[in-house]
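Working notes, structure below.
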Amino acid sequence: MLVSLNLLKKYVDLPLSVKPEEVVAKLATSTVEVEEFFEVGKDLEDVVVGKVVKLEKHPNADKLKIAMVDIGQVEPARIVCGGINLYEGMLVAVAKPGAMIRWHGEGELVTLEKAKIRGEESEGMICASNEIGLSDRFPGGELEIIDLTALDFKVGAPLAKELSLDDVIIDIDNKSITNRPDLWGHYGIARELSAIYGVELKSLEVEEKVGIEEAKAKGSNIKVSVKESNLCPRYLAVAVEGIKVKESPLWLKNVLSSIGFRPINNIVDITNYVMAETGQPLHAFDRSRVDNIVVRLANKGEKMVALDKEERALFTDTLVIADSKKPIAIAGVMGGANSQISETTKEIIIESANFNPLSIRKTSQKIGLRTDASMRFEKSLDGHLTETALRRALELIKEILSEAKVVGPIVEDGGVGEESKIVEVSPEKVSLKIGETLSVEAVSKILVRLGFEVKEKKDKLMVTVPSWRATGDVAIEEDIVEEVARIYGYDQIKPSMPEVKMKPWILDRERAVIDKTKDILSLGLGMQEVLNYSFWSEKLVADSGIDKEGELLALQNPLSEEQAYLRMSLLPAILKNISDNSRFYSELKIYEIGRVFRNRKGKYKIDKNSKDRLPDQPYYLAGAVVFGRDKQPFQSIKGILEEWGKFSGIDFLAWSAGKNPFCEFTNQIVDKEKRLAIIIGKEKIGWVGEVNQKALEYFDIKNRRVAVFELDLTPVLESGYKEIKKYQPVIKYPAVERDIAIEVAWKTRWESIKKEIEKLDTLIVGTEFLSEYDLGKKKSLAFRVVYRASDHTLSDKEVEKIEGGIIKFLGDKFGAARR
């Protein structure tokens with residue numbers, strides 16, 4: 001929406017020191033989003049009013065003349081011109097050298113320079129309207145020089161000033177005023193500036209000088225009937241005679257053109273001006289083409305040609321303005337061509353109505369027509385505005401057409417019917433939410449400037465919301481707080497750190513374990529995490545032969561067959577990921593952490609409100625390694641699991657042959673000869689293995705070998721990693737390294753011995769396995785043990801004592817002997 005700063009200044013006297021850019025900045029920070037602003041008359045710099053004092057024939061061209069033009073300088077300017085309508089004494093628009101013009105109204109703007117035309121020097125240019133961008137204000141002047149004589153302009157004055165084009169236009173983003181119907185007119189914006197700058201807002205009420213009171217005695221000869229009061233709460237109309245439809249005065253055309261409206265004629269221009277001024281759309285009908293007015297829904301099959309000359313089919317839920325025979329307007333959207341104002345119009349009916357916003361929005365969308373009027377009605381306009389706008393239009397008609405006369409009183413059907421909305425506000429809460437201590441007087445002053453009524457009641461303020469803000473924009477105390485804050489100025493609020501009661505951080509062990517697992521697998525072991533939906537398809541369940549009535553959980557209302565069951569394993573989705581990506585990558589290492597879902601057999605015969613009704617939802621960790629046919633993915637994925645166990649601090653991973661203890665389907669996809677169970681102590685928590693050929697074919701994985709693992713993370717989540725690493729200062733005392741070689745039975749695993757050594761003494765900070773040698777009936781194992789104290793340098797005696805303890809312990813537990 002385009003807003004004229006000059007028009008705003010009609011209603012509010014801004015301080016003289018305030019610059020346009022400051023006004024724009026204030027509006028942008030407190031009220032609306034501003035796209036841009038620009039000076040209307042900027043393109044008319046160096047274009048002045050001139051008076052032709054003498055005309056001579058050009059000596060070298062029959063169609064050119066030499067004009068001596070007074071432009072307010074000591075000597076008249078000598079200008080070569082071909083205008084056929086030039087005459088001595090004529091006031092014209094003169095572009096001086098340096099002005100921006102379009103040659104013959106075409107092409108880009110160019111800078112005018114002094115030039116010789118057919119041998120005669122020209123010191124400027126006498127302009128047609130299209131050469132200086134004034135075609136909308138001086139229509140029909142494209143082929144002739146603009147004649148300003150009748151306007152009695154001052155010779156030598158800047159043309160922009162004489163035409164009242166020294167204006168600043170502010171382009172407001174419509175989206176930012178969607179919830180503010182009061183801002184769709186200049187008066188609403190002026191009200192905001194009045195509050196921002198603390199200056200008086202001039203009244204928009206029209207004095208009783210438009211002839212309505214005198215016409216009341218005669219009665220009205222028009223009738224208005226609203227059949228759909230829920231869609232049209234209020235409808236006003238008034239008849240005016242003595243109308244002469246003609247071109248609007250220049251000031252009116254200038255204002256409308258500058259804010260984006262195309263001047264049409266004086267009556268239509270007045271309705272558009274009032275809409276731009278108040279935000280309330282109006283429409284004028286030719287009285288000779290309309291009898292009585294009926295507001296109703298369109299009949300089935302009805303059509304209407306609108307003002308844009310396009311015939312449109314009307315729907316049975318389309319609200320129309322009609323007479324006794326036909327629709328004459330689509331309510332709130334556009335008038336009909338069958339009742340439009342023309343040059344022969346002598347008497348008019350002006351309507352001002354309030355329509356249901358949802359109805360107008362639906363109508364506009366259905367018929368594919370959105371207008372300036374419909375955009376405003378969609379926002380839920382203030383019902384009080386209808387009469388104010390109508391009286392304002394009558395005032396302008398009387399001002400422009402002195403012979404015009406109101407025929408009868410304003411005819412009305414319906415009413416405003418709105419109760420005052422009162423919001424209780426705590427001044428203390430206002431200050432608390434804003435973060436700035438404001439007095440009751442300061443809060444009240446801001447609200448009153450915005451049009452609210454404020455009364456003090458004990459320690460509360462009773463705020464009456466004005467009608468133009470009561471359509472849903474202001475309803476609760478927080479809305480009032482926002483009003484105060486934005487007018488007070490967000491930039492005036494001093495930034496300060498909020499006072500927050502700090503609580504010690506509580507470790508979420510489950511989240512910490514999952515995050516650490518991801519760090520190890522993604523950053524340490526080069527795997528990529530995938531995320532999949534938690535569902536299995538009907539086809540997958542049928543093909544796998546899983547018992548649907550067993551542990552599998554079916555959805556009551558699945559979105560599709562692809563999402564019919566809750567998953568019991570992460571692996572089907574991971575194999576689908578491999579299939580989808582195998583054409584892009586020859587090798588993959590992927591994993592997923594997510595919940596699986598298992599039915600709790602026999603536990604549903606309990607209290608229906610018990611949490612035990614929920615299925616088991618453990619976290620699972622699953623992964624896959626994909627290689628070409630010439631590589632061994634099983635060894636790689638087994639190594640990944642071992643590294644994960646080592647880096648995470650899990651020291652209870654062990655391997656054994658076996659099946660997946662939780663899901664028969666996953667047992668079907670793994671080669672029987674290439675699988676191992678993963679155990680903690682004596683409990684199986686998962687398995688690892690290579691995918692068999694049948695499963696590869698099912699998931700359409702070609703020319704690849706795939707190894708997968710899946711395990712239940714619950715034991716890890718419950719116990720957590722051995723420790724959450726914390727910062728420790730660097731120990732400044734040196735470490736001592738000693739090698740130990742022992743003889744043990746062949747069945748003894750070196751990993752078990754290494755773990756036991758590390759737990760024997762706090763001064764043992766590391767153990768490294770060195771070698772294994774065959775001694776016949778027994779084997780030799782060698783380890784390097786690292787000792788270090790944090791507070792002193794270890795002596796040989798201390799180390800030897802610990803070392804002796806290690807040998808004794810290994811002998812007692814493993815039957816080991818020192819070599």
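The values are calculated or read from the model by the stated rules, or taken from the named source; none is laboratory data. What you see is a predicted model; the values in this text were computed from it and never measured. Reconstructed Cβ throughout: ideal geometry from the backbone, glycine too, with neighbour counts over all protein chains shown. Side chains included, ligands, DNA and RNA excluded: accessible areas come from the protein's heavy atoms. Shrake-Rupley method; radii C 1.70, N 1.55, O 1.52, S 1.80 Å.
Odds and ends about this structure:
- Distance distribution P(r), the chain, all Cα-Cα pairs, bin width 10 angstrom from 0: 2, 9, 12, 12, 11, 11, 11, 10, 9, 7, 4, 2, 1, 0 percent.
- Once Rg and the Kirkwood radius are both taken over the C-alpha atoms of segment 1-64, their ratio Rg/Rh works out to 1.31.
- Förster-model FRET efficiency, 45 Å R0, LEU507 and ASP543, C-beta, rounded to 0.05: 0.55
- Maximal additional length on extending the THR437-ALA745 stretch stands at 102.7 nm, based on 0.36 nm per residue less the C-alpha distance.
- Overall, the ratio between the Cα radius of gyration of segment 377-459 and 2.2 N^0.38 Å, rounded to two decimals, is 1.74.
- By the rule of a C-alpha distance below 18 Å, with chain neighbours fewer than 8 residues away ignored, the lysines paired with LYS65 are LYS51, LYS54, LYS57, LYS96, LYS114, LYS116.
- Accessible area of the chain belonging to carbon and sulfur atoms, whole % at 1.4 Å probe: 49 percent
- Helix-only CD estimate at 222 nm, as mean residue ellipticity for the chain, using -39500 (n - 2.57) per DSSP H run (n ≥ 4): -7500 deg cm²/dmol
- Taking all protein chains together, HIS283, HIS58 sort by accessible area into HIS283, HIS58, largest first [probe 1.4 Å].
- Residues LYS433, LYS754, sorted by accessible area with the largest first, give LYS433, LYS754 [1.4 Å probe; ligands and nucleic acids excluded].
- Whole-number accessible area per residue in Å² for segment 233-274, which is evaluated in the context of all protein chains at 1.4 Å: 31 Å²
- Computed from the Cβ-Cβ distance with R0 of 56 Å, the FRET efficiency linking GLU798 to ARG583 stands at 0.35.
- Sequence of SER752, SER537, SER496 when ordered by accessible area, the most exposed leading, probe 1.4 angstrom: SER496, SER752, SER537
- Segment ALA817..ASP62, full-extension length gain: 258.9 nm, with 0.36 nm per residue of separation and the alpha-carbon distance subtracted.
- Both radii come from the Cα set of segment 756-806: Rg as radius of gyration, Rh as Kirkwood radius; their ratio Rg/Rh reads 1.07.
- A 1.4 Å probe, protein heavy atoms only, puts the accessible area of GLU798 near 70 Å².
- If R0 equals 25 Å, the separation of the Cβ atoms of GLU36 and LYS175 corresponds to a calculated FRET efficiency of about 0.95.
- Per-residue SASA entry for ASP291, accessible area with 1.4 Å probe, Å² rounded to 10: 60 Å²
- Exposure of TYR773 as accessible area (Å², to 10), given a probe of 1.4 Å and all protein chains: 130 Å²
- Ranked by the mean number of other Cβ atoms within 10 Å of their residues, highest first, the peptides 72-78, 804-810 fall in the order 804-810, 72-78.
- Positive-end extreme of charge dipole, segment 406-472 - chosen from VAL423, ILE434, GLY451 (charges on Cβ): ILE434
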